[in-house]
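The values are calculated or read from the model by the stated rules, or taken from the named source; none is laboratory data. Remember, it's a predicted structure, so these values are computed and weren't measured experimentally. Virtual Cβ from ideal backbone geometry, glycine too; neighbours counted across all protein chains shown. Accessible surface areas use protein heavy atoms only, side chains included; no ligands, DNA or RNA. Shrake-Rupley method; radii C 1.70, N 1.55, O 1.52, S 1.80 Å.
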Amino acid sequence: MIEISIAKSNVNMTLPLQEGISAGFPSPATDFMGLEIDLNRDLVLHPEATYYGRVSGESMKGAGIDDGDLLVIDKSLEAVHGKIAVCFLDGEFTLKRINIKQDGVWLVPENDKYEAIHCGEENNLIIWGIVTHIIKKV
Amino acid sequence: MFGLVDCNNFFASCERVFRPDLAHKPIVVLSNNDGCVIARSNEAKALNIPMGAPAYQYKEVFDKYNVTLFSCNFALYGDLSNRIMNILRTHCFRMEQYSIDEAFLDFSGCKIEGVGLKIKTQVLKWTGVPVSVGFAPTKTLAKLANRIAKKFPKETEGVYVIDSQEKLIKALKWLKIEDVWGIGRKSSNKLRALNITKAYDFTLLEDNWIKANMSVVGLRIKQELLGKSVLDFQELEPRKNISVTRTFDKNYTKFEELRERIANFAANCSEKLRNQHSCCHSVLVFINTNYHRKELDQYNQSIIVNIPFETNSTIEIVHHALVGLKRIFKSGFEYKRAGVILMNFSPDTSQQLSLFGGRNIKHISLMKTVDKINASLGNQKLRLGVQDTNRIWKMKQEKLSPNYTTNIADIITIKAKS
């Protein structure tokens, strides 16, 4: 049986502020209680448009993206020059930097071993989403 | 003005979000146990694959036209639905979610110029799911406007507004009587027999006749069709009954097999019941043999077990469901289908204390803990011993897509190899 569940994590990464011992003078920190660092809130600007993906390969090494990294992808953002995008090309998702030039759109890897791809109409390119953060295990 | 936003071929469109290679290709989504077709992309509709078609009967068509099949993946559809509903909420001050893939939006006193296109564009860009939008002065007409938007995507660009008498008449003359929102098959057959074939014909009927033949419900439909809003805007209400019913992939003859199934269904229902903060008073259990196999002995029986107190404890509900099963089970039959329905709800907050044999108060906190553990460890990690003891049963889901949005092990892989 399958239950419908929500993608948003209900486990927040929080760094709680410590409450002082309440004897005598009231803690001035009480005004600030409830403030916490929530990575979901800070890394996910548009929860409804945010998806996650796993990197496979080394072609974006120069941009600091390694094999196995977790990507935060925002579909709501526009594909503008210089952004790193999840593209759908020739039947698979692939990671490239977008380079818009006079002669059209170039998908540029960040690794000398690979070459930039020029995208014409015949390639059927889909920019699926824009990478906003890279999460890596150290 | 009311808006109705409805996703186009929702389940099929969800599958396509993470499979852009399937754009413009025929897709069908199959029901539980991969039994019947429950959603089709436009391309699959064009192949004349009907809704509800048994999958095995259409195997040749699927093969011949390269139709991609999917087992239904409600974790994925539910997540995308939540995203869409959250987006829609930002466009209006009140919203009524009508089903997993459609919602009414209240635009009373607001300008709607350009709003439809904005909604459509945003939902498509943010989630990848195409929607159609209809606007009209009543909910029933908003449904109709949406139907027009969906039927004529080129002319309407997926958005249609009924905002003049002329457009209203034209739409009513186009809409078939059986497609009017709220008119069931029985009524539409009756109306067709009287040569009332279009919604427009229906609006010409006398109030008295409608009231006599279709009660006030029919009268309300007429008023709504004429542009007078009489249907309330309903913000989400808890459901009045909860059911889990399944057709098995094989026949069961043993009591133990059915006991496992019924316990599992009842446990599932109980969890849903707690999710909406209700308790129930009765549980219905039914078992059926295979109706289509006339050569086999037939036996269909159901029973309602009234629980002497209100509860939403899995332990208590499963116990009473099994008491019911024991009463109706007969050996010597091959069972193909069974189900559990919980009924007679009351809010979880209004606990009546019974002097003798009330609900076990300890179960309340126990169930909270169970739900919490299951939420973090995955579905049904913690369950009753009677559930799934020998893993007798497993849903047939041969074509299940990954849970791209709800399980981190299933997220898309992005190649960085070229």
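Couple of notes before you dig in:
- When the alpha-carbon atoms of segment B:84-223 are used, the pair Rg, Dmax equals 16.2, 49 angstrom.
- More than 16 Å apart - percent of Cα-Cα pairs taken over segment A:98-138: 52
- The length gained on full extension between B:Ser282 and B:Thr90, counted as 0.36 nm times the residue separation minus their Cα-Cα distance, comes to 65.2 nm.
- In the elastic network of chain B, a GNM with C-alpha springs shorter than 10 Å, the most mobile of B:Gln298, B:Gln397, B:Gln387 is B:Gln298.
- Once Rg and the Kirkwood radius are both taken over the C-alpha atoms of chain B, their ratio Rg/Rh works out to 0.99.
- Within the same chain, aspartates and glutamates fewer than 8 places from B:Lys381 are excluded, and of the rest, those with a Cα less than 12 Å from its Cα are B:Asp371.
- Remark: segment A:30-138 projects, on average over all directions, an area of 9.2 nm² (convex hull of Cα atoms).
- Each Lys and Arg adds +1 at its Cβ and each Asp and Glu adds -1 at its Cβ; summed about the Cα centre, the protein assembly as shown shows a dipole of about 1800 debye.
- Loop-located GluC sites (Glu not before Pro) in segment A:69-129 (DSSP state not H, G, I, E or B) with no more than 16 neighbouring Cβ atoms inside 10 Å: A:Glu78, A:Glu115.
- Lysines with Cα under 17 Å of A:Lys136, excluding same-chain neighbours fewer than 8 positions away: A:Lys61, B:Lys415
- Our coupling estimate for segment A:69-82, obtained by passing each phi through the Karplus curve with A = 6.51, B = -1.76, C = 1.60 and θ = phi - 60°, is 5, 9, 9, 9, 10, 10, 7, 7, 7, 7, 7, 9, 3, x Hz, Gly and Pro reported as x.
- Applying the criteria of a DSSP loop state and at most 11 other Cβ atoms within 10 Å to the trypsin sites (Lys or Arg not before Pro) of segment A:38-134 yields A:Lys113.
- Taking amide hydrogens as placed 1.01 Å from N in the peptide plane, the amide H of B:Ile242 sits under 5 Å from those of B:Leu342, each at least 5 positions away in sequence or on another chain.
- Entries of B:Lys211/B:Lys272; A:Lys75/B:Lys25; B:Lys25/B:Lys294; B:Lys111/B:Lys139; B:Lys45/B:Lys111; B:Lys139/B:Lys167 with Cα pairs more than 27 Å apart: B:Lys211/B:Lys272; B:Lys25/B:Lys294; B:Lys45/B:Lys111
- Gained length - B:Ala375 relative to B:Lys154, 0.36 nm times residue gap less alpha-carbon distance: 75.1 nm
- Each eigenvalue of the Cα gyration tensor of segment B:35-83, multiplied by 5 and square-rooted, gives one semi-axis; in descending order these are 23, 11, 10 Å.
- Interchain or long-range residues, amide H under 5 Å from B:Arg359's placed H: B:Glu310, B:Ser354
- Whole-Hz Karplus values for segment B:41-46 come out as 6, 4, 5, 6, 4, 5 Hz, taken residue by residue from phi with 6.51 cos²θ - 1.76 cosθ + 1.60 and θ = phi - 60°; glycine and proline positions read x.
- Chains B and A together bury roughly 3600 Å² of accessible surface, counting both sides and using a 1.4 Å probe on protein heavy atoms.
- The residues packed around B:Leu325, meaning those with a beta-carbon under 10 Å from its beta-carbon, carry a net charge of +4 if Lys and Arg are +1 and Asp and Glu are -1.
- Kirkwood Rh in Å, taken over segment A:58-109 so that all alpha-carbon pairs contribute: 12.0
- Among B:Asn312, B:Asn208, B:Asn86: highest mean-square fluctuation, GNM of chain B, C-alpha pairs under 10 Å: B:Asn208
- Database remark: amide H of B:Ile414 closer than 5 angstrom to the amide H of A:Arg54, A:Val55, A:Ser56 (H placed geometrically; neighbours at sequence offset of 5 or more, or on other chains; Pro and chain starts carry no H).
- Candidate cross-link partners of A:Lys101 among the lysines, defined by an alpha-carbon separation under 20 Å and a same-chain spacing of 8 or more, comprise A:Lys83.
- Scattering profile of the protein assembly as shown at q = 0.06, 0.08, 0.11 Å⁻¹ [log10 I(q)/I(0), Debye over alpha-carbon scatterers]: -0.40, -0.72, -1.28
- Residue-averaged [θ]222 nm for chain B, counting only DSSP H segments that reach four residues, each worth -39500 (n - 2.57): -11500 deg cm²/dmol
- Peptide-level mean, for B:78-84, of C-beta atoms on other protein chains within 10 Å: 5
- Per-residue surface analysis assigns B:Glu257 an accessible area of about 30 Å², computed on protein heavy atoms at 1.4 Å probe radius.
- Proximal charge balance of B:Phe202 [Cβ under 14 Å; K/R count +1, D/E count -1]: +2
- Around B:Ala193: net Lys/Arg minus Asp/Glu count, Cβ-Cβ under 13 Å: +2
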